[in-house]
Amino acid sequence: MMNAMAACLMVNCLGGLSYAYEEVAVSNGGTLSGTVSLVGEVPRPKGYNLTTLPDQIYCGRISDGHGWRILQPFKVAADGGFRDVVIYIDEIEKGKPFEIKTPKIEAIDCSFKPFMNVVWDQHEVEVVNMDPAMHDIQAYETSHLGPRVLFNVPLPMNPQHPRDIKDTSEAARYHKHLAGTPIKQDVHMTRGRRVFTMQCGFHAYMESWGLAVENPYYAISDANGGFTIDQIPPGTYRVTVWHPYIGGAKQYDVTVEPNADTKLDVTIDAPVGRLYANQMVDNPYVRYTVTEDIQSQIVPTLEKQTY
């Protein structure tokens with residue numbers, strides 16, 4: 001079940017969902033802003049031998065040039081800014097308007113985008129296939145107690161996509177995206193759980209994550225690691241910072257003053273050691289062989305990955 005089992009060890013300080021949020025006017029609210037940075041060597045990515053999975057020619061348009069598809073969960077800027085980290089405040093029961101938007105996840109170029117989302121318990125997520133390849137949604141909730149399947153449904157492709165591209169050079173250069181029929185599924189989290197994770201049952205390197213929230217006081221760090229949460233009622237709060245691969249949520253006590261901007265710059269030590277079973281190694285061909293015949297057909301015409 002991909003990384004759901006491993007991830008359950010990384011969420012043990014996340015509280016469960018427990019209260020009903022009330023919208024009220026916030027006349028003297030403050031702002032919390034800052035940057036999340038990863039300190040130390042960026043962990044190695046995951047590596048997948050494309051010859052062992054379907055659609056290797058089309059999905060291999062993004063690969064390392066040697067028949068391997070790479071998935072890097074740690075998206076880190078040159079200055080250490082850490083992207084796709086969730087920052088949230090749980091304790092606020094009353095505050096600014098809370099607009100619940102259906103998260104939309106696209107299967108595009110054999111990736112789920114965005115990688116990180118927020119979700120809402122008892123509300124739906126929408127997934128749409130933009131590729132000329134079939135995908136299969138396997139969604140889980142997880143905690144330190146282990147994963148539980150939320151739903152498992154096929155993700156149809158647009159019928160106007162070519163069904164069978166026999167010429168490998170054509171498959172490697174087909175970059176057209178057409179939306180298939182959107183699939184909408186409700187998310188029903190078990191009490192005490194709030195981590196949502198999804199993968200493709202056909203293409204293991206496709207994964208997406210989400211955290212269930214019940215108030216609007218959250219943010220997802222941008223490409224530079226920056227975040228902003230506004231209209232916060234003045235007070236002292238515990239702020240939680242979460243990413244599925246940092247070994248657990250980090251928590252910080254912060255006081256938000258009226259009509260003021262409070263800064264919170266978070267530094268996270270880069271995890272060390274082997275983080276996942278399929279971690280990329282220096283010589284990935286010792287254990288798994290990519291034959292020259294198949295390798296020559298897997299051409300990174302869209303992106304040549306490096307690590």
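What percentage of the solvent-accessible surface of region 149-266, computed with a 1.4 Å probe over protein heavy atoms, is contributed by carbon and sulfur atoms?
Numbers: 2460 of 5300 Å².
Carbon and sulfur together cover 46 percent of it.
What's the center-to-center distance, using Cα atoms, between region 90-104 and region 207-224 in Å?
After rounding, the separation between the Cα centres reads 11 Å.
Nearest 20 debye, what's the magnitude of the dipole of region 98-182 about its Cα centre given +1 on Lys and Arg Cβ and -1 on Asp and Glu Cβ?
Its charge dipole is roughly 140 debye.
May I ask you to order 137-143, 118-124 by the average number of other C-beta atoms within 10 Å around their residues, highest value first? Let's see the in-between values first.
Details: 137-143: 23.3, 118-124: 17.1.
The packing order, highest mean first, is 137-143, 118-124.
Keeping all protein chains in place and using 1.4 angstrom, which order do Phe98, Phe151 fall into by accessible surface area, from largest down?
Heavy-atom accessible area, descending, gives Phe98, Phe151.
With every protein chain present, what is the per residue accessible area of the chain (1.4 Å probe, Å²)?
Working: 14040 Å² over 307 residues.
Normalised by residue count, the accessible surface of the chain is 46 Å².
Mind listing the phi-derived Karplus ³J(HN,Hα) values for region 208-223, rounded to whole Hz, using 6.51, -1.76 and 1.60 with θ = phi - 60°, and x for any glycine or proline?
8, 10, x, 10, 6, 10, 9, 8, x, 8, 8, 7, 10, 4, 8, 4
For Val266, enumerate residues with amide H under 5 Å from its amide H, sequence gap 5+ or separate chain, H modeled in the peptide plane.
Under 5 Å from the amide H of Val266 lie the amide H atoms of Thr35, Val36, Ser37, each far enough along the sequence or on another chain.
Under a 5 Å amide H to amide H cut-off, with H placed in plane at 1.01 Å, what residues pair with Gly65 once short-range neighbours are removed?
Result for Gly65 returns Gln305.
Once you've got the Cα coordinates, tell me which of Lys94/Lys250; Lys46/Lys104; Lys75/Lys96 are over 28 Å apart.
Lys75/Lys96
Of the labelled options (1) 6, 26, 35, 25, 7, 0; (2) 6, 25, 32, 24, 10, 3, 0; (3) 6, 25, 30, 19, 10, 4, 3, 2, 1, 0, which one gives P(r) over Cα pairs in 10 Å bins from 0, in percent as computed for this structure?
Entry (2).
Determine ³J(HN,Hα), in whole Hz, for all residues of region 299-307 in sequence, where each value follows from phi through the Karplus function 6.51 cos²θ - 1.76 cosθ + 1.60 and θ = phi - 60°; x replaces Gly and Pro.
10, x, 6, 9, 7, 8, 7, 10, 8
Residue by residue through region 70-81, which ³J(HN,Hα) values in whole Hz follow from phi under the Karplus form 6.51 cos²θ - 1.76 cosθ + 1.60 (θ = phi - 60°), with glycine and proline marked x?
10, 10, 9, x, 9, 9, 10, 6, 4, 8, x, x
Apply 1/(1 + (r/R0)^6) to the Cβ-Cβ distance of Tyr307 and Asn28, taking R0 = 35 Å, and write down the FRET efficiency to the nearest 0.05.
On the way: r = 48 Å, r/R0 = 1.36.
The calculated FRET efficiency here is 0.15.
Return the long-range amide H neighbours of Arg193 (sequence gap of 5 or more, or a different chain), with a cut-off of under 5 Å between placed amide H atoms.
Distant-sequence amide H within range of Arg193: Leu17.
Helix-only mean residue ellipticity at 222 nm, the chain, DSSP H runs n ≥ 4 weighted -39,500 (n - 2.57), per residue, nearest 500. What is it?
Rounded to the nearest 500, it is -1000 deg cm²/dmol.
The values are calculated or read from the model by the stated rules, or taken from the named source; none is laboratory data. All of these numbers come straight from a predicted model, not from anything done at the bench. Note that each Cβ is placed from the backbone with ideal geometry, even for glycine, and that neighbours are counted across all protein chains shown. Note: accessible area is taken over every heavy atom of the protein model, side chains too, but ligands, DNA and RNA are not part of it. Shrake-Rupley method; radii C 1.70, N 1.55, O 1.52, S 1.80 Å.
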